[in-house]
1. Of the residues Ala60, Ala31, Ala71, Ala39, which single one is assigned to a helix (DSSP H, G or I) and modelled with pLDDT under 90?
2. Name the residues in the stretch 42-60 that are surrounded by fewer than 14 Cβ atoms within 10 Å (Cβ to Cβ), without any contact (Cβ under 8 Å) to a residue 12 or more places away in the chain and either among the hydrophobic types (A, V, I, L, M, F, W, C) or touching a strand residue (DSSP E or B) at 6+ places or on another chain (Cβ under 8 Å) (or both), would you?
3. For the stretch 86-101, what are the residues that are surrounded by 11 or more Cβ atoms within 10 Å (Cβ to Cβ), within 30 Å of Asp32 (Cβ to Cβ) and of a type outside the set (Lys, Arg)?
4. Could you tell me which of the residues Leu79, Leu89 is at pLDDT 90 or above, assigned to a helix (DSSP H, G or I) and farther than 30 Å from Glu19 by Cβ?
5. Which residue, of Ala83, Ala76, is touching a Phe, Trp or Tyr at 6+ places or on another chain (Cβ under 8 Å) and surrounded by 15 or more Cβ atoms within 10 Å (Cβ to Cβ)?
Amino acid sequence: MGQYWLGRAYAYTIGVPIEKDSSGKWVTSYADFTSYFLALIKLAINIAGSLAILVILWGAFRYVTSAGDEAKAKEAKDLIIGAVVGFALLVLIRVLVPIIGIQ
């Protein structure tokens, strides 16, 4: 049973490409689990940032189409504020991780 979970922990060797190297080729193997995990984190941050931008646009659309209804306008503002805060946290993560020393 213990070896099964150990094998699952090293699943990064299955060759799933999640980032490109400096030459533009997809990386399918990693030297260690840490580099694979950091690549996954980078991918997750990029996806979350894209989603935050889409939510900001959706909130702006809802605000413009609220037609003066204060309840709808407030919901749209709350949506935009939440997405901006989330995006700011993502930017903060991207700035702090290299400062902490995680490469």
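1. Numbers: Ala60 fails: modelled with pLDDT under 90; Ala31 fails: assigned to a helix (DSSP H, G or I); Ala71 fails: modelled with pLDDT under 90.
Exactly one of Ala60, Ala31, Ala71, Ala39 is assigned to a helix (DSSP H, G or I) and modelled with pLDDT under 90, namely Ala39.
2. Ala44, Ile47, Leu54, Leu57 - these are the residues of the stretch 42-60 that are surrounded by fewer than 14 Cβ atoms within 10 Å (Cβ to Cβ), without any contact (Cβ under 8 Å) to a residue 12 or more places away in the chain and either among the hydrophobic types (A, V, I, L, M, F, W, C) or touching a strand residue (DSSP E or B) at 6+ places or on another chain (Cβ under 8 Å) (or both).
3. Of everything in the stretch 86-101, those that are surrounded by 11 or more Cβ atoms within 10 Å (Cβ to Cβ), within 30 Å of Asp32 (Cβ to Cβ) and of a type outside the set (Lys, Arg) turn out to be Leu89, Leu90, Val91, Ile93, Val97.
4. Numbers: Leu89 fails: farther than 30 Å from Glu19 by Cβ.
Residue meeting the stated conditions: Leu79.
5. Numbers: Ala83 fails: touching a Phe, Trp or Tyr at 6+ places or on another chain (Cβ under 8 Å).
None of the others qualify; the one that does is Ala76.
A quick yes/no check of all residues on (1) more than 30 Å from Phe33 (Cα to Cα); (2) of a type in the set (Asp, Glu); (3) in contact with a Gly (Cβ under 9 Å, 6 or more places away or on another chain):
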| residue | (1), (2), (3) |
| --- | --- |
| Asn46 | no, no, no |
| Trp58 | yes, no, no |
| Glu70 | yes, yes, no |
| Lys74 | yes, no, no |
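The values are calculated or read from the model by the stated rules, or taken from the named source; none is laboratory data. Note that this is a predicted model, so its numbers are computed, not measured. Note that we place each Cβ from the backbone using ideal geometry, even for glycine, and neighbour counts take in every protein chain shown.
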